[in-house]
Every structure is written in structure tokens, then in C-alpha cells.
1. List, in order, the whole-Hz ³J(HN,Hα) value for each residue of region 396-402 obtained from phi through the Karplus relation with A = 6.51, B = -1.76, C = 1.60 and θ = phi - 60°; use x for Gly and Pro.
2. Once the cut-off is 26 Å, how many percent of the Cα-Cα pairs in region 18-139 end up in the long-distance tail?
3. Among Glu349, Glu17, Glu90, Glu133, rank each residue by its count of other Cβ atoms within 10 Å, from fewest to most, as a rough exposure measure.
4. For region 165-182, what does the Karplus curve 6.51 cos²θ - 1.76 cosθ + 1.60, with θ = phi - 60°, yield as ³J(HN,Hα) per residue in whole Hz, taken in order and with x for Gly and Pro?
5. Among Thr98, Thr215, which comes first, second and so on when ranked by fewest other beta-carbon atoms within 10 Å?
6. Once you have all Cα-Cα distances for region 132-213, histogram them in 10 Å bins from zero and send the whole-percent values.
7. Pick from Ala272, Ala204, Ala129: which is most flexible by mean-square fluctuation in a GNM of the chain where alpha carbon atoms under 10 Å apart are linked?
8. Quick check: the distance between the Cα centres of region 170-227 and region 88-166, to the nearest angstrom?
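We did not get these values from a lab; they are worked out from the coordinates using the rules stated. It should be emphasised that the depicted structure is a prediction, and the values quoted were computed from it without experimental measurement. Because the Cβ atoms are built from the backbone with ideal geometry, glycine has one as well, and the counts that use them run over all protein chains shown.
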Amino acid sequence: MATKQRGLMTSGVIWKELLLFSIPLLLGNLFQLLYNTVDSIVVGNFVGHQALAAVGASTPLINMLIGFFMGVAAGAGVLVSRFFGARKLEEMHTAIHTFVAFTLCFGVLMMIAGITLTPLFLKWMGTPADIMEMAVLYLRIYFLGIIPTMLYNSGAGILQAVGDSRRPLYFLTIASVLNIILDLVFVINMKMGVAGVAWATLIAQSVSCILVAFTLLHTKESYRLLPNKIRIDKPMLIQIVRVGIPSGLQQMIVSFSNVLVMSYVNRFGSAAIAGFSSANKFDNFLGLPVNSFMLAITTFVGQNMGANQIERVKKGIRTCIFIGIGIVIAIGIPAYLFSDLCIRMFSQEADVIYYGSWMMRTLVPFYSILNIAQVLTGAVRGTGNTTVPMLVNVFYYCIIRQVFLALAMLFVNSIVVVFWSYPLTWSLSAVTLFLYYKRGSWLKHSGVQG
């Protein structure tokens with residue numbers, strides 16, 4: 001009897017394979033979120049709501065500037081998982097080394113752009129004057145460490161593409177514990193303010209980068225990273241770009257849309273910004289199962305498409321949707337009922353709690369719909385067809401969301417308009433992607449050569 005290749009999801013019980021792969025992803029994403037969340041809790045409770053607002057106002061800009069890279073990383077992951085599933089190890093080896101070389105080059109550009117342009121972007125966003133200096137300081141330190149952050153994400157993406165979601169979890173656990181300790185030391189003991197949480201994040205991300213690099217450099221598996229092979233292979237880069245650019249543009253444009261959304265929130269003052277940002281932290285936590293299953297189904301579909309197991313792909317998508325809905329409902333009910341307590345973790349100020357809990361109660365009931373949209377997005381990406389998810393998500397999350405905000409704000413000058421822009425566009429995206437999925441034409445796209 002043949003031994004199953006570790007990391008392959010082309011055989012076995014589908015729900016079990018997806019859960020075993022998704023749980024480490026879920027926990028890993030949880031620890032990833034702890035970076036910014038602990039930052040916010042510490043500055044909100046030990047520095048003040050203006051410092052909390054400064055960190056919160058910085059987040060959309062960070063997401064926008066690294067969004068393009070993360071989208072391209074998703075394209076590289078699709079290729080690696082397809083080659084791994086098809087057992088095309090030479091092509092997989094080339095894809096890995098090309099992507100690492102690309103990451104290094106792109107990281108240098110991102111560091112320079114982030115440090116240089118931060119004040120201009122914050123001014124363009126309409127960041128209030130009372131938090132501008134702290135936001136600039138936080139962002140500049142963050143971008144100083146963008147290269148190890150990107151290298152970690154690249155390495156973790158490679159491991160996940162070959163079915164290893166556990167070791168990235170271990171690395172993030174170590175880094176998150178370190179981040180919490182450094183936050184407390186730098187902010188409470190050393191009184192470094194927002195600079196303290198930024199330096200804590202930089203150091204912790206660097207440690208996770210070192211751990212994932214050590215793993216790839218010393219593994220005996222077929223995806224081992226060889227320093228003398230790190231170079232850009234032009235044909236492979238073209239494949240990565242062709243698959244990754246649509247996802248990259250989607251990430252960047254959606255993040256840009258969130259920057260515009262933040263400009264609407266900024267109109268209501270620093271307490272509203274702090275409340276919105278605090279709710280966003282819990283929004284991200286509630287979205288963890290959604291995003292984890294999206295990543296899991298992308299790898300699952302990629303490997304099974306590589307092995308030409310179409311029926312298994314369809315069953316996996318249905319299974320992923322139903323499991324995700326069940327988990328979202330289970331965690332959404334207590335989050336809705338105790339939204340005030342959730343926001344109190346970040347701030348004890350009444351206005352901050354008011355805005356934050358209001359936003360949570362608006363968004364939480366719609367997470368099952370978001371789960372459907374994200375799983376279908378991940379599934380279609382897994383086939384190599386990244387263009388359709390890009391067009392759908394950019395159209396609804398950017399164009400329609402901004403049109404809705406611009407028009408609705410003319411009649412109702414309230415932050416509730418911002419809150420409702422999210423479930424509205426989630427619902428439209430889910431319906432469109434479901435109709436596209438039912439047509440079945442997405443299965444005809446591979447997007448991969450070789």
C-alpha cells in the first residue's frame with residue numbers, strides 16, 4: 001500500500017483533511033492578529049485613545065501598501081500547490097526560488113516607499129492633527145521592518161502550499177508571545193508610547209522570519225530553499241505574475257478603498273476612529289474562520305486540480321462553506337451579545353465603546369454571507385483563475401462601496417452609513433460569485449503551464 005505524501009489533500013476524508021489543514025491556519029492567523037490587537041490594547045489602556053486612534057489610522061495604509069505583494073504571494077502559492085499536487089517537483093523548486101528573489105526585491109522598494117511617503121498618505125487621508133505625529137512615527141518604524149515581515153509571509157505561504165500549516169503556527173505562537181512581552185516592557189516600563197509597540201512588532205516579526213527561513217533552508221523535503229538558487233526565472237515569474245497580479249490588484253484596490261472609508265470615519269473625530277478601529281480588531285477575529293477556510297480551499301483546489309480530481313474539488317467547496325457557516329454562527333452569537341465588553345478591552349471611554357459596539361452589532365449578523373463569498377473566491381483562485389474574483393471583489397468592495405458612501409452621506413451624515421457599507425457589498429459579492437460558481441465555467445481555467 002502506497003504511503004500518502006505528507007501535505008497532499010488529494011485523498012482521504014474531505015472534511016477531515018480541510019479541518020486538519022484549516023485549524024493550524026486559523027490559529028496562525030489568530031496569532032498574526034494578536035500583533036496589532038495587543039498593540040491596540042496596550043496603547044489604548046496605557047497611553048490613551050489618541051494613541052489608539054494613531055495605530056488604528058495607520059492600519060488601512062499598511063494594508064494598502066502590502067496588499068499588492070500579498071496578492072502576488074497568493075499567485076505563487078497557487079502555482080506551488082498545483083506543481084506539488086501534480087508532483088512536478090522541478091517546476092515547484094523553480095517557482096519557490098523565483099518568488100523568494102521577488103520578495104527580497106519588492107521588500108526593499110516597499111521599505112523605501114513606506115518610510116518616505118507616510119506623511120503624505122496620512123495627510124491625504126485626512127488624519128486628525130492630534131494623532132498625526134504618532135501615526136507617522138508608528139508607520140515609519142513598521143516599514144523599517146517590512147522586509148522580514150514579507151519574507152515570513154512568503155515562507156509561510158510556501159509551507160502552506162505544500163500542506164504544512166502547522167509550523168507557521170508554531171513560529172507565530174513564539175513571535176506573538178515575544179510581541180506581548182515586548183509591548184509591556186516598551187510601553188509600560190520604558191514609556192515609549194506608539195514607538196514601543198512598533199518596535200515590539202518589528203522584533204517579533206523578525207524572529208518569525210528567521211524561524212521560517214531556517215525551516216526552508218534545512219528541510220529535507222522537495223521544497224528546500226537553496227541560497228545559491230535564489231534568482232528570478234523569467235518564464236516562471238511571468239506565470240506567477242499572470243496568476244498573482246489580479247489578486248494583487250484586488251488586494252491593493254480593496255485596501256485603497258478601505259483608506260477612503262477611513263477618510264469618512266475621520267470626519268467624526270478621534271473617539272470615532274478609536275471605536276471603529278477597535279471594532280475592526282474584533283471584526284478581524286470573527287473573520288478568522290472565513291479567511292482560514294478561504295486559504296484552505298485555495299490549496300485544496302490547487303492540489304486536486306493538479307491531480308485532475310474535479311468532483312473532489314466540488315465536494316470540498318461545499319464542505320468548506322458549511323463548516324465555515326457553522327463556526328461563524330457559533331462565535332458570532334456571543335460577540336454580538338457582549339459587544340460592549342469586547343470594545344472595553346481596548347478603551348474604557350464611553351464614546352469609544354459606543355461607536356465600536358454599534359459597528360460590531362451591525363456587521364456580525366452578516367458573517368455567514370461573507371464566508372460564502374470568501375470560500376468561493378478562494379476556490380476559483382485555486383484553479384488559477386484569479387481574474388474573476390478580482391473583478392467581482394473590486395467592483396463591489398471598491399466601486400459600489402464608495403458610490404454608496406458618497407451618495408448615502410449626502411442624505412444621512414452618520415457613521416452608521418460606513419458600517420452598513422460592509423454587509424451590503426458582502427451580500428452583493430456573495431450572490432455574484434455563487435451565480436458564477438453554478439455556471440461551472442470557472443473549472444475550465446487553469447492559469448498554469450508546465
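1. Along region 396-402, the couplings run 7, 6, 10, 5, 5, 4, 6 Hz.
2. On the way: 2987 of 7381 pairs.
Tail of the P(r) past 26 Å holds 40 percent of the pairs.
3. Glu90, Glu133, Glu349, Glu17
4. Karplus-based 3J(HN,Hα) across region 165-182 equals 9, 7, 5, x, 5, 4, 5, 5, 4, 4, 5, 5, 4, 4, 4, 5, 4, 5 Hz.
5. On the way: Thr98 24, Thr215 21.
In order of increasing Cβ crowding within 10 Å: Thr215, Thr98.
6. Bins of 10 Å from zero give 20, 43, 27, 9, 1 percent of pairs.
7. Highest fluctuation among the options: Ala129.
8. So the separation of the two Cα centres works out to 14 Å.
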